[in-house]
Amino acid sequence: MLRQALLGLSRVEAIKSASVKLPITRPVVDRFIAGEHTEDALTVTGQLVASGLRVTIDHLGEDTTTIDQADATTVAYLDLLAALGSAGLAEHAEVSLKLSAVGQFLGREGESVALENARMISIAARTAGTTVTLDMEDHTTTDSTLAVLAELRKEFPDTGAVIQAYLHRSEADCRALATAGSRVRLCKGAYREPGSVAFTERQAIDKAYVRCAKILMAGDGYPMLATHDPRLIDIGAELARRFGRGKDDFEFQMLHGIRPTEQLRLANAGHRMRVYLPYGQDWYGYMVRRMAEKPANLGLFVKSLSSRK
C-alpha cells in the first residue's frame with residue numbers, strides 16, 4: 001500500500017509544486033543525485049568510473065508540455081555528451097533518455113518530435129563514442145517508445161531498450177527484443193499501473209522478472225539486469241552461467257545511492273556493473289519513485305525536504 005501511495009504522489013502536481021520550491025539539501029544531492037549541472041554529472045561520473053563502475057546518465061525531466069522544454073532538454077543532452085567525450089569518459093558512460101522529456105507528449109506530432117530529438121542525441125552520442133538507452137515510462141507510452149526505438153535502431157542499432165517486467169506484455173516484448181546486438185535493460189517497473197496491465201504484488205513481479213530474464217539470457221542480445229534485489233542478482237548470475245554467458249556478455253545495473261557497497265562488490269568480482277546516475281533540477285518525480293521502490297529511503301528524503309539549512 002505504501003508503494004502505491006508513493007507512486008500516486010509522484011504525479012500530484014500540488015505536492016510536486018510545493019516540494020520543488022524547497023532547496024535541494026546535501027544528503028539528497030550526494031546520495032541519490034549527481035547535482036543540478038553538467039559539471040556535477042561529470043564529476044560524479046569520473047569518480048564512479050575510477051572505482052571500476054560504468055555509468056548511464058539521466059538528465060532529469062519528463063512530462064514536457066512545450067517545444068521549448070523539449071528543445072532545452074535536447075540541448076542539455078548534447079552538451080552532456082560533448083563534455084563526456086572531451087573528458088574521456090564516453091567509453092564507460094552512456095546516457096539514458098526519456099522520450100517524454102524531448103517531446104513525446106506534444107500532441108499528434110509528439111512522437112515525431114521526440115524521434116527527431118532522440119536522433120540528434122544519438123548522433124552526439126556516436127560522435128562522443130558512446131550510446132543511448134531509451135528509458136521506459138508508464139504503460140501508455142510503451143508502444144510509442146518501442147516504435148521510436150525501432151526507427152532509431154535503423155541508424156543506431158546500439159540504441160538500448162528498457163522493459164519493465166511487471167507489465168503483462170513484457171515477456172512478449174523481451175522475445176521480440178532478444179536479437180543479436182540488442183541491448184535490453186530489464187527492471188521491475190517504477191510507475192503506478194492498474195492490475196489490468198501489470199502485476200501489482202511483489203511475488204508476482206519477482207516471478208515475472210525472472211521469466212523475462214530467462215528470455216533475455218537465452219536470446220542473442222545483451223541483457224542489462226537492473227535490480228537491487230540480492231536474490232534476483234544471484235538468479236541473474238546463475239542464468240548467465242546456465243546459458244553460457246561470460247561476465248562481459250551481460251551487466252548489472254543499479255541506481256546511484258542504492259547499495260553502493262554491492263555495486264563495488266560486483267565490479268570487483270569482474271562483473272560489468274553500471275550505475276544509473278541522475279542529475280538536473282527536475283528531481284521530484286524521480287525521487288518519489290525511488291522511495292516507492294525502496295520505502296526505507298523515505299526517511300532520508302523527507303528529512304532532506306523538510307530542511308531549510
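Only the coordinates and a few stated rules stand behind these numbers; no lab work does. For clarity, every value in this text was computed on a predicted model and none was experimentally measured. Virtual Cβ from ideal backbone geometry, glycine too; neighbours counted across all protein chains shown.
Miscellaneous remarks
- The modelled label-to-label distance for the pair residue 120/residue 155, using points 7 Å beyond Cα in the direction of Cβ, is 1.2 nm.
- Overall form of the stretch 141-251 per C-alpha gyration tensor (a/c, 1.5; a/b vs b/c): oblate
- Length gained on full extension, residue 231 to residue 140, computed as 0.36 nm times the residue gap minus the Cα-Cα distance: 29.8 nm.
- Around the amide H of residue 98, modelled in the peptide plane, lie the amide H atoms of 135, all under 5 Å away and 5 or more residues distant in sequence or on another chain.
- Net charge, residue 271 excluded, C-beta distance under 14 Å - Lys, Arg +1, Asp, Glu -1: +2
- Relative to the current alpha-carbon distance between residue 220 and residue 127, full extension at 0.36 nm per residue lengthens the span by 30.8 nm.
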